[in-house]
Amino acid sequence: MIKIEKVENNIDLITIKNDELEVVVSNYGCTLVKVLMKDQAGNVDDVVLGYDDFKSYQTLDAYIGALVGRVANRIKKGTFELNGQTYHLPINNGPNSLHGGIKGFSYQVFDYQVLDETSVEFHYVSKDGEEGYPGELDFKAIYSLEGDTLTMHYHATTSKDTLINITNHSYFNLSGKKENVYQHLLKVHADRFACIDPDGLPTGEIKDVKGTSFDFNEFAYIGDRVDNDDEQLQLGKGFDHPMIFNTKENQVELVHEKTGRKLTVSTTLPQAQIYTANYLDGRLGKYGQHYNARDAICIETQNMPDAIHLEENPSTILKAGDTYDEKTSYKFEVIKNL
Ligand code: BGC
């Protein structure tokens, strides 16, 4: 079932509901506003952070629930070269450009159409030169809910060679924000992670997770790791690192034992920025709750941040005539006997 509610001007809230899950999304930034799910006892909680007051989505940083584009994460010094031309992007995070610039996709109103009772398609044409990026980018995101699984399917084409790296920036807390994420168990199928500098920019150094706080190949409590005495964790103020997958599906699992809730993320993308909400600053969120560091975890599936500087054949280049086509799904399960 799909229900539409007007917020203001062209901004709507779209509720997609079935017996297992209710998700609320907006055409503002293709934002995931709510995910309402049961626990083992049948109690319903919202397992993503968000705001009650829509203005907060428009004015605050943190990208809560937002689709991030054209390019997620950082581009070194907001400058890159493509086909012999130099491009300059807005600098909005230390010396670097973050999450598509000042008015990236997270802050745009998308057109949308309801496709059927389970899915909605968002559409946005980003002008040639918008936020410094070359090419007119024709972008579509289809969000669909099948049973307990929400899938986000992204497509884009461009008039000129350009960069693209789309992610969703939801902040998950499977307790329904009754506690922070220290008691959440995390599993990430990744043998390697990318090191970052003090500004959060990947340095190009890739490390083996073995013997480090980054080895989540077996379930571990986030709270047992995040404050460890580890130089990379100190630089990120917690986890804020690209983890490079070693499997092609079900790459990230998150479990909250008390409620029996489990999230499984499966993606066509090769890695995810695992971010333990280190920069949440006590701001007011939904239901009158305040959000602090470690109140959630973001699992930002994407290509390598700053690939344009770090990779020989940057995975974030989209050539004119080619199609960007990536998919990430989020399965919200209740496990009866945990
Ligand atoms: C970044 C963080 C940043 C957060 C919110 C994450 O993707 O890696 O450093 O604080 O997004 O903008």
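Just so it is clear, none of the values below were taken in a lab; they were calculated from the coordinates. Treat the numbers as computed from the prediction; the structure is a model and nothing was measured. Don't worry about glycine lacking a Cβ; one is built from the backbone with ideal geometry, like all the others, and counts go over all protein chains shown.
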For this session: Report the one residue of 259, 165, 216 whose Cα lies farthest in the direction of the positive end of the charge dipole of region 137-294 (charges on C-beta: Lys and Arg +1, Asp and Glu -1; origin at the Cα centre).
Result: 259
Exercise. Under a no-solvent Debye model with one identical scatterer per Cα of region 60-119, what's log10 I(q)/I(0) at q = 0.12, 0.21, 0.23 Å⁻¹?
Worked result: -0.39, -0.82, -0.92
Exercise. For 63, 275, what ranking results if the residue with the fewest other Cβ atoms within 10 Å of its Cβ goes first?
Worked result: 275, 63
For this session: Specify the residue with the greatest mean-square fluctuation among 150, 201, 115, computed from a Gaussian network of the chain linking alpha-carbon atoms under 10 Å apart.
Result: 115
For this session: Have a look at region 228-283 and give its Rg and Dmax from the Cα atoms, expressed in angstrom.
Result: 13.7, 36
Exercise. What's the extension gain from residue 178 to residue 88 if we count 0.36 nm per residue and subtract their Cα-Cα distance?
Worked result: 28.1 nm
For this session: Choose one answer from 229, 208, 199: the residue with the largest mean-square fluctuation in a GNM of the chain with alpha-carbon springs under 10 Å.
Result: 229
Exercise. How much mean residue ellipticity at 222 nm does the chain get from its helices, if each DSSP H run of length 4 or more adds -39500 (n - 2.57) and you divide by all residues, to the nearest 500 deg cm²/dmol?
Worked result: -1000 deg cm²/dmol
Exercise. Where the centroid of each part is defined by its Cα atoms, how far is region 49-69 from region 184-245 in Å?
Worked result: 25 Å
For this session: Rounded, prolate or oblate: pick one for the chain, where a ≥ b ≥ c are the square roots of the eigenvalues of its C-alpha gyration tensor, a/c under 1.5 means rounded, and failing that, prolate if a/b is larger than b/c, else oblate.
Result: oblate
For this session: Would you mind computing Rg(Cα) / (2.2 N^0.38 Å) for region 38-160, counting N as its residues?
Result: 1.25
For this session: Counting other Cβ atoms within 10 Å, keep those with at most 12, restrict to DSSP loop, and tell me which GluC sites (Glu not before Pro) in region 190-266 are left.
Result: 218, 249
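Could you compute how fast region 205-338 diffuses translationally, taking Rh as the Kirkwood radius over C-alpha pairs and applying Stokes-Einstein at 37 °C with viscosity 0.692 mPa s? Give it in µm² per second.
Rounded to a whole number, D works out at 195 µm²/s.
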Seminar exercise, completed: Percent of all Cα-Cα pairs per 10 Å bin for region 146-264, counting from 0 up to the last occupied bin, reads 11, 36, 35, 14, 3, 0
For this session: With an 8 Å cut-off on Cα pairs and a minimum separation of 6 or more residues, tell me the relative contact order of the chain in percent.
Result: 18 percent
